[in-house]
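Heads up, the thing below is written out as C-alpha cells.
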Amino acid sequence: MEARQRYLAWLEDPLVDGDAKAELRDIVHHEQEIEDRFFKWLEFGTGGLRGTVGIGSNRMNVYTVRLVTQALANYLKDRGRAEGGVAIAYDSRRMSREFTETAAGVLVANRIPVYVFSDLAPTPLLSFAVRHCQASAGIVITASHNPPEYNGYKVYNEHGNQILTAEAMAIGSQMAGLGLESVLVEPSPKDSPLWNWLGEDVIQLYYQRVLEIAPQIHETKELRVLYTPLHGTGGRFVPEILNLAGFSHVSTVARQMVPDGRFPTVKFPNPEDPKAFQLAFDQAKKEPCDLIIATDPDADRMGVAVDQRGEWVLLNGNQVGVLLTDFLLAHLDPKERNRSVVIKTIVTTDMVQPIAAKYGAEVRETLTGFKYIGTLMDHLPQENKFFVFGFEESYGYLAGTHVRDKDAVIASLLVAQVAAYYKTRGLTLVDRLQELFTEYGYYLQDLVSYSFATSLEAERSREFIKRLETQPFTHIGPERVALVSNYATSLRLDLRSMQETPIALPKEGVLQWITDSQSKITLRPSGTEPKIKLYLEVRGQSHGEAQSRLSAIKSAFDDMVQAGLEA
C-alpha cells in the first residue's frame with residue numbers, strides 16, 4: 001500500500017481517534033510529511049521499535065504500540081508462556097506512561113498478567129523485575145539516549161535479557177500480519193485482577209542485591225560526588241544507592257534532576273557526549289567535587305568525569321571498564337578468581353586480557369550489544385564458572401547476576417567506590433589508569449563513523465565491504481595484518497599460515513583485522529542506518545608511540561575507505 005493510501009485509510013478508520021485524525025488532517029497538503037509518516041510500518045527488530053513520536057504507521061504512537069504488543073501476546077500464547085505475564089517499565093520521555101498503559105491494556109485483553117511499575121524505572125530495574133516476578137517477558141518504553149522527539153519499545157525475554165534475533169524475527173513476523181482491527185483492547189485494564197503494580201518492595205530488593213554485589217569497602221566518607229541523570233530515570237536511584245553504600249557527600253545538578261522528556265538543558269541526553277556534562281562542570285566551579293557521574297534517560301549507560309588536579313578529564317567507556325575490571329578482580333576472593341569470567345564485546349578494549357590473566361580470571365568475547373553478554377552469562381554455571389563483570393565500549397557495565405542488561409546504577413556505585421578507594425591512597429582514577437598503562441601498555445582507541453547521504457553512496461559502501469570480504473588486504477598502513485575475522489561467515493583467516501578456523505559466535509555483518517603488533521581494526525555496518533562504524537585500538541609502550549600508531553592506522557584505513565567508495 002502506498003503512503004497516501006495508508007494515510008487515507010487511517011483518516012477513515014473508526015479505530016483511529018479524533019485527535020489523531022485532526023493531526024493527520026493538518027498535513028493533508030504536505031506530501032513529503034505523509035510519505036515519511038506512512039511509507040512503511042515501523043519495523044520491529046532486536047532493538048524493538050524506535051521512532052519519532054507522532055501519528056502514522058512509521059511513528060511511535062498508541063496504534064503502533066498496540067500492534068507490537070498484540071504480536072508479543074500472540075508470540076507468548078503460541079509458545080504456552082502467557083501465564084507468566086509481562087513486566088513493564090517506562091522512562092521520562094514524551095508519551096512513555098501512555099505507551100506503558102496502552103501495552104498493558106492489550107496484554108490484559110489477551111488474558112496475560114502484567115506487572116507495571118507505578119513510577120519511572122531504569123531499564124536495569126525492569127530486567128531485575130522480570131527475574132523477580134518470574135515473568136515470561138518484559139517491556140521497557142524508552143528510546144535510550146536518542147533526541148527528545150524519539151521514543152521506543154524494547155522487549156526482554158524470561159531471563160531479563162533483551163531478545164535475540166530469532167525471538168525478534170518471530171515477533172516482527174507476527175506484527176507484519178496484523179492490522180489495527182486485529183488488536184484486543186481492554187477498556188478498563190487497571191480494574192482487572194491481571195493488573196499488578198510494582199513499587200517499593202521490588203526497588204528495595206534491587207538495592208539489597210546491588211549492595212551485596214559491590215565490594216565492601218570503607219573508604220567512602222571523603223569522596224565528593226556530583227551526579228546528574230540528564231532528566232532521566234536515574235534521579236532517584238543513583239543518589240539513593242550511593243547514600244546506602246556510605247557516600248555522604250553526594251550532590252546533584254538540580255536543573256537536570258527533574259524528569260523531562262524534552263531534555264531542555266542538553267542537546268543529546270547522552271553521557272558519551274562531553275556537552276552533556278556542561279551544567280555539572282559549571283556547578284563544580286562553585287561546589288568542588290572529585291567525580292561527576294552522568295547517566296542516560298533510562299539509566300543503563302553511565303559516564304564519568306574526574307577532577308585531575310583542577311582539570312576535568314572525561315574517561316571513555318573502555319577506560320572505565322578497565323578500571324572496574326581491575327578493582328573487582330582485586331577485591332575478589334583469591335580462591336574464586338580461577339572460576340571467574342569477565343565478558344566483553346569484540347569491539348571493546350583488549351587491555352582487560354592481561355589484567356584478568358594477572359588475577360587468574362578468564363575473559364570471553366561476544367558480539368556487540370549487551371544482549372549477547374546477558375545470554376553468555378547464563379551458560380557459565382554449566383561450566384562451574386561465574387560471571388564477575390561485563391562491559392562494552394559504549395558506556396555499558398554490569399557486575400553481578402541480578403539483571404541481564406547494562407546497569408548504570410551499580411556502575412555508578414562501583415566507579416564511586418574505585419575513586420574513593422584510590423583517593424585514600426592519594427590517587428585519582430586518572431592516576432590509577434596511568435599506573436595500569438605503565439604496567440600493561442598504553443591502549444588507545446578511536447571511533448570513526450561513515451554516513452551515506454544517497455542511495456548510490458550506500459550501495460557503494462556495500463560493494464566495498466563485499467570486496468573486503470573476498471580480497472583481504474595484507475597491510476594497514478605500516479602494519480602487517482595477521483588475522484582477518486569475518487563474523488558474517490563465522491570464519492577467521494590467519495594470513496601467516498593461510499589457515500581458516502571457525503568463530504563460535506552468532507553471525508553478524510562485522511569484519512575485523514588484527515595486525516602483527518596487536519592493533520585491532522573493526523568495521524561494523526549499521527543494521528538500521530546508511531552508516532558504517534570503524535573501531536580502532538592500538539597498544540604502545542608509551543602514550544606517544546600508541547598515539548602515533550593510532551593516527552597512522554586511522555589515516556591509512558580512511559584512505560582505503562575513501563578509495564573503496566569511489567571505485
Based on this model, can you work out whether Ile241 counts as surrounded by 17 or more Cβ atoms within 10 Å (Cβ to Cβ), in the same structural domain as Val65 (by TED's automatic domain parsing), hydrophobic (A, V, I, L, M, F, W, C) and part of a helix (DSSP H, G or I)?
no
Can you find a residue that is touching a His at 6+ places or on another chain (Cβ under 6 Å), aromatic (Phe, Trp, Tyr) and not assigned by TED's automatic domain parsing to the domain that holds Val258 anywhere in region 116-131?
yes
For Lys344, state whether it is within 23 Å of Pro215 (Cα to Cα), touching a residue at least 24 places away in the same chain (Cβ under 8 Å), buried (at least 19 other Cβ atoms within 10 Å of the Cβ) and among the basic types (Lys, Arg).
yes
Do we find a residue being modelled with pLDDT of 95 or more and outside any helix (DSSP H, G or I) anywhere in region 429-440?
no
Does Thr252 satisfy being polar (S, T, N, Q), at pLDDT 95 or above and in contact with a strand residue (DSSP E or B) (Cβ under 6 Å, 6 or more places away or on another chain)?
yes
If I ask for residues that are outside any loop (DSSP other than H, G, I, E, B) and either among the aromatic types (Phe, Trp, Tyr) or farther than 19 Å from Trp312 by Cβ (or both), which ones from region 252-278 would you list?
Ala254, Met257, Phe277
From the list Ala3, Ala82, Ala9, Ala89, which one is buried (at least 23 other Cβ atoms within 10 Å of the Cβ) and either outside the structural domain of Lys154 (by TED's automatic domain parsing) or in contact with a Leu (Cβ under 6 Å, 6 or more places away or on another chain) (or both)?
Ala89
Of the residues in region 216-238, how many are assigned to a loop (DSSP other than H, G, I, E, B) and not hydrophobic (A, V, I, L, M, F, W, C)?
11
From (1) at pLDDT 95 or above; (2) closer than 18 Å to Gly303 by Cα, pick out the condition that doesn't hold for Tyr421.
(2)
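To keep it simple, each residue is scored yes or no on (1) within 11 Å of Leu230 (Cα to Cα); (2) in the same structural domain as Pro229 (by TED's automatic domain parsing); (3) aliphatic (A, V, I, L, M).
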{"position": "Thr265", "(1), (2), (3)": "yes, yes, no"}
{"position": "Asp273", "(1), (2), (3)": "no, yes, no"}
{"position": "Asp300", "(1), (2), (3)": "no, yes, no"}
{"position": "Asp307", "(1), (2), (3)": "no, yes, no"}
{"position": "Val320", "(1), (2), (3)": "no, yes, yes"}
Just to be sure before I move on: is Leu15 outside the structural domain of Leu178 (by TED's automatic domain parsing), surrounded by fewer than 17 Cβ atoms within 10 Å (Cβ to Cβ), touching a residue at least 40 places away in the same chain (Cβ under 8 Å) and not in a strand (DSSP E or B) in the structure I sent?
yes
When only residues in region 145-193 that are within 31 Å of the chain's Cα centre (by Cα) and of a type in the set (Ser, Thr, Tyr) count, which is surrounded by the most Cβ atoms within 10 Å (Cβ to Cβ)?
Tyr156
Only listed residue being on the phi < 0 side of the Ramachandran plot, modelled with pLDDT of 95 or more and either surrounded by fewer than 19 Cβ atoms within 10 Å (Cβ to Cβ) or in the same structural domain as Thr345 (by TED's automatic domain parsing) (or both), chosen from Arg496, Arg539, Arg549, Arg480:
Arg480
When you look at Val210, is it crowded, with 19+ Cβ neighbours inside 10 Å, touching a residue at least 24 places away in the same chain (Cβ under 8 Å) and not in a strand (DSSP E or B), yes or no?
yes
In region 147-173, the residues that are out of contact with any Phe, Trp or Tyr (no Cβ under 8 Å at 6 or more places or on another chain) and polar (S, T, N, Q)
Asn157, Asn161, Thr165, Ser173
Set Ile34, Ile27, Ile88: member being β-branched (Val, Ile, Thr) and in contact with an Asp or Glu (Cβ under 6 Å, 6 or more places away or on another chain)
Ile27
Hey, can you tell me all the residues within region 251-267 that are surrounded by fewer than 19 Cβ atoms within 10 Å (Cβ to Cβ) and out of contact with any Gly (no Cβ under 6 Å at 6 or more places or on another chain)?
Ser251, Thr252, Ala254, Arg255, Val258, Arg262, Pro264, Thr265, Lys267
Could you tell me which residue of region 32-49 is farthest from Gly177 (Cα to Cα), considering only residues that are modelled with pLDDT of 90 or more and assigned to a loop (DSSP other than H, G, I, E, B)?
Phe39
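Rundown of residues vs (1) under 24 Å from Asn243 (Cα atoms); (2) in contact (Cβ under 8 Å) with a residue 24 or more places away in the chain; (3) buried (at least 23 other Cβ atoms within 10 Å of the Cβ), yes/no style:
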position	(1), (2), (3)
Leu367	no, yes, no
Phe370	no, yes, yes
Leu376	no, yes, no
Tyr397	yes, yes, yes
Gly400	yes, yes, no
Glu435	no, no, no
Ser451	no, yes, no
For Ile55, indicate whether it is among the β-branched types (Val, Ile, Thr), more than 18 Å from Ala143 (Cβ to Cβ), surrounded by 15 or more Cβ atoms within 10 Å (Cβ to Cβ) and without any contact (Cβ under 8 Å) to a residue 60 or more places away in the chain.
no
Residue check, Ser96 against (1) of a type in the set (S, T, N, Q); (2) under 24 Å from the mean Cα position of the chain (by Cα); (3) not assigned by TED's automatic domain parsing to the domain that holds Glu181, all met but one. Which one?
(3)
Which condition does Trp513 not pass, out of (1) modelled with pLDDT of 90 or more; (2) within 30 Å of Arg50 (Cβ to Cβ), if it passes all the others?
(2)
Restricting to region 58-79, name every residue that is aliphatic (A, V, I, L, M), under 23 Å from Thr233 (Cα atoms) and crowded, with 22+ Cβ neighbours inside 10 Å.
Met60, Val65
Evaluation of Cys289 against (1) in a helix (DSSP H, G or I); (2) out of contact with any helix residue (DSSP H, G or I) (no Cβ under 8 Å at 6 or more places or on another chain) (one fails), failing number
(1)
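The values are calculated or read from the model by the stated rules, or taken from the named source; none is laboratory data. As the structure is a prediction and not an experimental result, all values here were calculated from the model. Please note: Cβ atoms are built from the backbone with ideal geometry, for glycine as well, and neighbour counts cover all protein chains shown.
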